[in-house]
1. Given Cα pairs under 8 Å that are at least 6 residues apart, what percent is the relative contact order of segment 33-139?
2. Label point 7 Å out from residue 159 along Cα-to-Cβ: which residues of segment 1-26 have amide N under 18 Å?
3. In a solvent-free Debye calculation with one equal scatterer on each Cα, what is log10 I(q)/I(0) for segment 126-171 at q = 0.26, 0.31 Å⁻¹, listed in the order of the q values?
4. Only counting other Cβ atoms within 10 Å, I'd like 169, 120 sorted with the fewest neighbours first.
5. State the three equivalent ellipsoid semi-axes of segment 3-167, derived from the C-alpha gyration tensor as the square roots of 5 times its eigenvalues, in descending order and whole Å.
6. Using 0.36 nm times the number of residues separating residue 27 and residue 127, minus their current alpha carbon distance, what extension gain do you get?
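Just so it is clear, none of the values below were taken in a lab; they were calculated from the coordinates. Quick caveat: nothing in here was measured; it's all calculated off a predicted structure. So basically every Cβ, Gly included, is an ideal-geometry build from the backbone, and we count neighbours across all protein chains shown.
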Amino acid sequence: MDFFTLLEKRLSTRAFLGKEVEEEKLQQLLEAANSAPSAGNLQAYRIVVVRDSAKKKALGEACFRQGFVATAPIILVFFADPEKSAARYGERGRELYCIQDATIACCYAQLAAVASGLSSVWVGAFDDAMVKGVAGMADNLKPVAVLPLGYAAEKPFKTGRQGLSDLVSYL
């Protein structure tokens, strides 16, 4: 698929079929995330793959009761590792670079999902402590994104976008 077509097809899906995601597709998504650039190539992030129904339901609750989260066959949760980044880059690594690392890894996984015929929705509204608890992650890690994914059970609508003149400045 052409890259620009892929971008057009990336839409937020909040309803998923019960069909399981093939292991090969999941591995492709994880490999895509692993190929994302990161500050100093530290890859200061962790990814948790959630398939367990009870854990998915708990994540839906942690995402401020967004029930659709639990309906996805797989949920990827991306965590930043501030201390790993801070060891090389100090406070800027702790506050920014690790967040960027986790975010771009999630973005790569999301685009790989589209290329694989899957759908997803980026969820950023959640209770950090609850997400860490559900995922069993250490306190030093920071949840950055929750990515429910699977086969779409709906045809998501395309949202309007701002014009480039509202977003871009030329110097």
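1. 35 percent
2. Backbone N within reach: 7-16.
3. Debye curve over Cα of segment 126-171, log10 I(q)/I(0) at q = 0.26, 0.31 Å⁻¹: -0.93, -1.15.
4. 169, 120
5. That gives 25, 20, 15 Å for the three semi-axes.
6. Working it through step by step, the gained length comes to 33.2 nm.
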